[in-house]
Amino acid sequence: MYLTKEEERILNGECGWANQTCMKILTRLGELFNAEKLIPISSAHVSGVSYKTLGDAAVEFLQALADGGARVKVKTTLNPQSLDPEHLTKRLPKTLCEKQLNVLEQFERMGTTESLTCTPYYLEKPSRESHLAWAESSAVVYANSVLGAWTNREGGPSALAAALMGKTPDYGMHRAENRQPNLLVNVETRLQNETEFGALGIHLGKLLRDKIPIIQGLGKTSKDSLKQLSAAVATTGMTNMFHCNNCSETKGIEKVSVKAKDIRRTIQELSTASCKKCDLVFIGCPHCSLAEMKQIAQTVQGRKVKHGTELWVCTSSHIKETARDYVNEIERSGGQVLAGVCTVVSWTEKLGIETIMTNSAKTAYYAPTLSKAETILSPMKECLRAAFQR
Ligand code: F3S
């Protein structure tokens, strides 16, 4: 792989251990995927921020980088952490909270933006065809497919290395020839709500592996539905992008169809609870948009959350600030608006939560293993109906 003189100096350790380590990560990755060079990126998004998913060895690595003087070269946002200081600190063991705080301190020392969200595009929308190094698979698929930006699906370490170097290897989704569709998906049923879009994603992720589909038959789509589709398709497969327009270049490419029964079966499989009673109603995977906050606030108006049930609405602190009136409405109803966290990366099992009802196919997919919870997968309207007294 071609390296500039400066990149060579960094790789040879002339700019310190931290920079050398990052350059090693990027060059090894580039060589593995036959990249010819490194290219500049306009932003990075780092996953692996929750202490629950990191563990101590990874935190030591972060600390060593920060001690070694590593500082980000581009705007770098962070994925959610394991708690919301306002709502969860008092309910979780002190040692876990302290360890989480230490993780955030290391990132802060490296100059990252404390965004703590899986929807960094609501803070600042990347421009079309800009090169990014984003981890968080749901955001990667959304950025490539809906926003028209170009990013590979980075892991936490490679996204951080890219952030610290301001560069990423030029391969995969950074090259136009790799962004072309190679499978036609015909959806033969009209999807009714965001949960069905998520179910389509879970179903397709298993079928597609790393293929790039053109999805036809979606009808009118909202950005929030496409966000659910993006998150879900990345949950079960390695697809980094989909097209969903009436692109005519479909001659000669493989075709698959999706029927109503595929969507129904996927939702049934993701609903593991034997009855409709839940401890937690959770909306906000991926983190809620302003439009979703509005929709929730309008639905909860004047109602009260049932005794024995919690309602969590998860979003970024940025959206929480912007949506103050909606937040007040939700909180008046007894719901909690949590910033910078979600059920999957927190310790809901330590809060006594055994059954989670959610509109997110991604959360329903992970909850049985990562949250040790039974699941009920239903559209937002039904989730909210279940959260409130009749
Ligand atoms: Fe975001 Fe957590 Fe879902 S990080 S995509 S809300 S699993």
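Remark on segment 1-127: hydrodynamic radius 16.2 angstrom, per the Kirkwood mean of 1/r across alpha carbon pairs. With all protein chains kept in place, the per residue accessible area of segment 99-156 amounts to 34 square angstrom at a probe of 1.4 angstrom. Shape index of the chain: Rg/Rh, with Rg the Cα radius of gyration and Rh the Kirkwood radius from the inverse mean 1/r over Cα pairs, equals 0.98. Compute the Cα gyration tensor for segment 270-348, then decide on rounded, prolate or oblate, letting a ≥ b ≥ c be the square roots of its eigenvalues: rounded whenever a/c is under 1.5, prolate when a/b is larger than b/c in the other cases, and oblate in all that remain. It is oblate, given that a/c is not under 1.5 and a/b is not larger than b/c.
Amide H contacts of VAL281 (H built 1.01 Å from N, in plane; Pro and chain starts excluded): GLU310, LEU311, TRP312, MET357 sit under 5 Å, all sequence-distant by 5 or more or on other chains. Distance from the alpha carbon centroid of segment 340-390 to that of segment 289-322 works out to 14 angstrom. Straight Cα distances below 17 angstrom link LYS362 to the lysines LYS206, LYS223, LYS227, LYS372, with same-chain residues fewer than 8 positions distant left out.
Between the amide H of THR119 and those of HIS287, distances stay under 5 Å, these residues lying 5 or more places away or on another chain, with hydrogens modeled in the peptide plane. Which of the trypsin sites (Lys or Arg not before Pro) across segment 200-245 are loop residues per DSSP, with 15 or fewer other Cβ within 10 Å? Answer by residue number: ARG209, LYS220. With 24 Å as the limit on Cα-Cα distance, the pairs of LYS73/LYS211; LYS73/LYS99; LYS294/LYS350; LYS75/LYS320 that go past it are LYS73/LYS211; LYS73/LYS99; LYS294/LYS350.
Relative contact order for segment 238-390: 29 percent, from Cα pairs under 8 Å spaced at least 6 residues apart, divided by residue count. The 3J(HN,Hα) values that the Karplus relation (6.51, -1.76, 1.60; θ = phi - 60°) gives for segment 31-38 are, in residue order, 5, 4, 9, 6, 6, 8, 7, 8 Hz. Gly and Pro appear as x.
Element breakdown for the chain at a 1.4 angstrom probe: carbon and sulfur atoms account for 49% of the accessible area. For LYS167, the residues whose modelled amide H falls within less than 5 Å of its own, excluding neighbours fewer than 5 places apart on the same chain, are ILE41.
When the Gaussian network model of the chain links Cα atoms closer than 10 Å, the mean-square fluctuations of ALA70, ALA57, ALA139 top out at ALA57. For the chain, the 222 nm mean residue ellipticity estimated from helices alone, with every DSSP H stretch of n ≥ 4 adding -39500 (n - 2.57) and the total spread over all residues, rounds to -11500 deg cm²/dmol. Remark: segment 360-372, residue by residue, has Karplus-estimated 3J(HN,Hα) of 9, 5, 5, 4, 4, 5, 8, 4, x, 8, 7, 10, 6 Hz, where x stands for each Gly or Pro and the curve is 6.51 cos²θ - 1.76 cosθ + 1.60 at θ = phi - 60°.
The values are calculated or read from the model by the stated rules, or taken from the named source; none is laboratory data. All values reported here derive from a predicted model rather than from experimental measurement. Every residue, glycine as well, gets a Cβ built from its backbone with ideal geometry; the counts of neighbours run over all protein chains shown. Just the protein is used for accessible areas: all its heavy atoms, side chains included, with ligands, DNA and RNA removed. Shrake-Rupley method; radii C 1.70, N 1.55, O 1.52, S 1.80 Å.
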